[in-house]
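Asks: Just dropping this structure here.
The values are calculated or read from the model by the stated rules, or taken from the named source; none is laboratory data. The model shown is predicted, which means the values in this text are computed figures rather than measured ones. Virtual Cβ from ideal backbone geometry, glycine too; neighbours counted across all protein chains shown. For accessibility, only protein heavy atoms count, side chains too; no ligands or nucleic acids. Shrake-Rupley method; radii C 1.70, N 1.55, O 1.52, S 1.80 Å.
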Amino acid sequence: MEEIKVFCPATIANVSCGFDVLGLALDSIGDEMIVRKTDEKGIKITKILGQDLPLETEKNVSGVAGLAFLEHGDYQGGFEIEIDKRIKPGSGIGSSAASSAGAVCAMNELLGRPFSNLELTQFAMQGEKLASSVAHADNVAPAIYGGFTLVRSYEPLDIVSIPTPDELFATVIHPQIEIKTSDSRKILKTKLTLETGIRQWGNLGGLVAGLFQSDYDLIGRSLEDHVVEPIRSILIPGFDAIKQNAMEAGALGCGISGSGPSIFALSKGETTAQKVAESMRKTYGSIGIDFDIHVSKVNTQGVKPL
Ligand code: HSE
């Protein structure tokens, strides 16, 4: 195979209680990317549609992730990349992760899969480092593995795949404002009280157990964030109203997607997820900021060929 076209999923990182460790991949939102082998060594980004992003390899997250890929293994050629960028940067649904993960997964496929998902995650994290100064894995891991993933440890990197209950759907509203992950990380507190830690890890354990047991009530009770949401929600116009109305519409839980401004809700069943979308549409309609809304099942495959 000389060329491949892939779907690179958007992702919801943190999922309320799992800052920097938990994430899930979406199915109905993502970028498309074409990657082809070249005789010339190195990575060349030949085309970017949809967004104004740098073509220079070292300034583009897919370029940087691709270079990390090429540094390992014994492939002597290079790759060309075309990106149809459908996820806006600064949206909070893993725009940089989609490009980074898409590039390394496509390259791996073209070479007959020499690298494991864990190794691909390490390469893709270099793209995240370029985008937000921190090589966090909670977007790239679900984009690569699919479904829900937990970063059990960063050093050494240890990723755990978590099963997805069949009826779980996500609703995401993306207000058309940009929040840079690097900026929204700067405002976070660097120390927690023991009391806050206890509440947070109780919920994280509860959420993981709820996902394993397909216990939707437990999933709902666990979708709480005592660490990040109280600080970051101030940056998102209408956050409290969206959350309250989503819960009244039947969502299991609602929180900030990644570093925002997108807000996500999880629901049992597509019908409820659509009702939540309707409540978000009504709530945001009066705020005066444009927005997109997506309803999606969880993508258990991750980056996939098109
Ligand atoms: N865990 C990261 C953050 C995700 O919240 O800063 C960014 O998408």
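Asks: Could you derive backbone 3J(HN,Hα) for the stretch 78-83 from the dihedral phi with the Karplus parameters 6.51, -1.76 and 1.60 (θ = phi - 60°), listing whole Hz in sequence and x where the residue is Gly or Pro?
Replies: So the J values, rounded to whole Hz, are x, 9, 10, 10, 10, 10.
Asks: Can you list the residues, at least 5 places off or on another chain, whose amide H is less than 5 Å from the amide H of Lys304, using H built in the peptide plane?
Replies: Amide H neighbours of Lys304, under 5 Å, 5+ apart: Phe7.
Asks: When the chain is fully extended, how far beyond the present Cα-Cα distance does Asp20 get from Glu58, taking 0.36 nm per residue of separation?
Replies: Working: separation 38, 0.36 × 38 = 13.68 nm, distance 2.45 nm.
Extending this stretch completely gives an extra 11.2 nm.
Asks: Between Lys186 and Gln76, how high is the FRET efficiency from 1/(1 + (r/R0)^6) when r is the Cβ-Cβ distance and R₀ = 45 Å? Nearest 0.05. Walk me through the numbers on the way to the answer.
Replies: Details: r = 42 Å, r/R0 = 0.93.
The pair Lys186/Gln76 has a calculated efficiency of 0.60.
Asks: In debye, nearest 20, what is the charge dipole magnitude of the stretch 143-191 about its Cα centre with +1 on Lys and Arg Cβ and -1 on Asp and Glu Cβ, if you could check?
Replies: With Lys and Arg at +1 and Asp and Glu at -1, about 420 debye.
Asks: Using mean Cβ contacts within 10 Å as the protection proxy, how do 228-240, 162-174 order, highest first? List each step's numbers first, then the result.
Replies: Working: 228-240: 17.5, 162-174: 20.2.
For the peptides 228-240, 162-174, the packing ranking is 162-174, 228-240.
Asks: Report, in cubic angstrom per residue, the convex hull volume of the C-alpha atoms of the stretch 94-251.
Replies: That works out to 142 Å³ per residue.
Asks: Nearest 0.05, what FRET efficiency do Ile231 and Lys88 give at R0 = 25 Å with Cβ-Cβ as r? All intermediate terms of the calculation are to be shown ahead of the outcome.
Replies: Numbers: r = 23 Å, r/R0 = 0.92.
E between Ile231 and Lys88, to the nearest 0.05, is 0.65.
Asks: A further question follows. Using a 1.4 Å probe, what is the accessible area per residue for the chain, in Å²? Write down the numbers at each step before the final one.
Replies: Details: 13120 Å² over 306 residues.
Here the residues of the chain average 43 Å² of exposed surface.
Asks: Return the sequence-ordered ³J(HN,Hα) values of the stretch 114-131 in whole Hz as given by the Karplus equation 6.51 cos²θ - 1.76 cosθ + 1.60 applied to θ = phi - 60°, using x for Gly and Pro.
Replies: Result, rounded to whole Hz: x, 10, 7, 4, 5, 5, 4, 4, 4, 5, 5, 4, 5, x, 5, 5, 5, 6.
Asks: Could you give me the ³J(HN,Hα) list for the stretch 26-37, computed from phi with Karplus coefficients 6.51, -1.76, 1.60 and θ = phi - 60°, whole Hz, x at Gly and Pro?
Replies: Taking θ as phi minus 60°, the curve returns 9, 10, 9, 10, x, 8, 10, 9, 10, 10, 10, 6 Hz for the stretch 26-37.
Asks: Computing the accessible area with a 1.4 Å probe over protein heavy atoms, can you report the carbon and sulfur percentage for the chain?
Replies: Carbon-and-sulfur percentage of accessible area, whole number: 50.
Asks: Helix 95-110 sits at what angle to the longest principal axis of the chain, using alpha carbons and giving 0 to 90 degrees rounded to 10?
Replies: Helix 95-110 and the main axis of the chain meet at about 40 degrees.
Asks: According to a simple spin-label model (label point 7 Å from Cα along Cα-to-Cβ), what is the distance in nm between Thr38 and Leu157?
Replies: In this crude spin-label approximation the distance works out to 2.5 nm.
Asks: May I pose another question? Report the Cα centroid-to-centroid distance between the stretch 33-67 and the stretch 135-199 in angstrom, as an integer.
Replies: 26
Asks: What number results when the radius of gyration of the stretch 35-97, computed over Cα atoms, is divided by 2.2 N^0.38 Å? Before the final figure, lay out each step's value.
Replies: Numbers: Rg = 12.3 Å, N = 63, 2.2 N^0.38 = 10.6 Å.
Against the empirical 2.2 N^0.38 Å value, I get 1.15 for the stretch 35-97.
Asks: Here is a follow-up. Once you order the gyration tensor axes a ≥ b ≥ c over the Cα atoms, which shape class does the chain get: rounded for a/c under 1.5, otherwise prolate or oblate by comparing a/b with b/c? Intermediate values should be presented prior to the final figure.
Replies: Details: a/c = 1.75, a/b = 1.57, b/c = 1.11.
Prolate.
Asks: Follow-up question, since we're still on this one. Tell me whether the stretch 219-304 comes out rounded, prolate or oblate; compute the Cα gyration tensor, take square roots of the eigenvalues as a ≥ b ≥ c, and use a/c under 1.5 as the rounded threshold. Mind dumping the intermediate values first?
Replies: Working: a/c = 1.35, a/b = 1.17, b/c = 1.16.
Because its axes are fairly even, with a/c under 1.5, the stretch 219-304 counts as rounded.
Asks: Let a ≥ b ≥ c be the square roots of the eigenvalues of the Cα gyration tensor of the stretch 1-115; is it rounded (a/c under 1.5), or, if not, prolate (a/b larger than b/c) or oblate? Numbers along the way, then the final one.
Replies: On the way: a/c = 1.93, a/b = 1.55, b/c = 1.25.
Because a/c hits 1.5 or more and a/b exceeds b/c, the stretch 1-115 counts as prolate.
Asks: A further question on this structure: Hey, what number do you get for the chain at 222 nm if only DSSP H runs of n ≥ 4 count, each worth -39500 (n - 2.57), divided across all residues, to the nearest 500? Kindly include the intermediate steps, with their values, before the conclusion.
Replies: Values: 10 runs with 112 residues, N = 306.
Value at 222 nm, helices only: -11000 deg cm²/dmol.
Asks: A follow-up question, please. Sort 148-155, 21-28, 254-261 by packing, meaning the average of other beta carbons within 10 Å per residue, with the highest value first.
Replies: Numbers: 148-155: 17.4, 21-28: 25.0, 254-261: 26.9.
Per-residue mean Cβ counts within 10 Å order the peptides as 254-261, 21-28, 148-155.
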